[in-house]
1. If a residue must be more than 16 Å from the chain's Cα centre (by Cα), under 27 Å from Met1 (Cβ atoms) and not in a helix (DSSP H, G or I), how many such residues does segment 36-67 contain?
2. Please go through segment 1-44 and give me each residue that is within 15 Å of Val93 (Cβ to Cβ), in contact (Cβ under 8 Å) with a residue 40 or more places away in the chain, buried (at least 18 other Cβ atoms within 10 Å of the Cβ) and not hydrophobic (A, V, I, L, M, F, W, C), ordered by number.
3. What about Gly109, is it in contact with an Asp or Glu (Cβ under 9 Å, 6 or more places away or on another chain) and not aliphatic (A, V, I, L, M)?
Amino acid sequence: MKKLINRLKKLGYHISAAESCTGGLVSKLLTDTPGASEVFDCAVTTYSNEAKIKLLGVDPQTLEKYGAVSEQTAREMAKGVLALSGADIAVSVTGLAGPASDEGGKPVGTVCIGIATAEKCSAMEYMFAGSRAQIRRLSAKMACKMVFDELGLNEKELKTRRARKNKAEKNAKRSGKRAEKPAKRAAKTSKKQK
């Protein structure tokens, strides 16, 4: 977790979380790490569908069509907590930790994790094995890993943008100097002609 917190700090990002089956474990993992207060914004545990709708703005039709444990719902949860908090990146977790499967027949261990930034939103479905506690712990750790990986992509993107900007600035300076030389020559020529 320290690497995740450090990467958030380096980018100057704040993170928020929306949790269902993990019940606050993602938040715990983050806040167990010294320095988390500099980057951790807020977390919402929305265990019921009603809470997902009221607090995160998940569309009731999404829940009806795809279920609470779906990539679609995970994406909407992540977008919702991002909007709620104003953070730079948000993570969501919704799944079945057991012991029973859901009405749609999704097996225990099915977990969907969403990641949202201002630019994009994605979600992945995972299948974890083990006890209820193990599934919840694995889900929380995977959520943090997904954030870390996404931040790595953002970091590479930022470096690429900085490199392009620096190159453009250097080219602009070179072009400016080239433009100055003919102007100076023209000024000298006009002085000589007088």
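1. Here the count works out to 3.
2. Within segment 1-44, Ser16, Glu19, Ser20, Thr22 qualify.
3. So Gly109 does not fit the description; no.
Each reported figure results from applying straightforward, stated rules to the coordinates on display, with no laboratory input. Bear in mind the structure is a predicted one, so any value in this text is a computation, not a measurement. For neighbour counting, all protein chains shown are included, and Cβ atoms are generated from backbone atoms with ideal geometry for every residue, glycine included.
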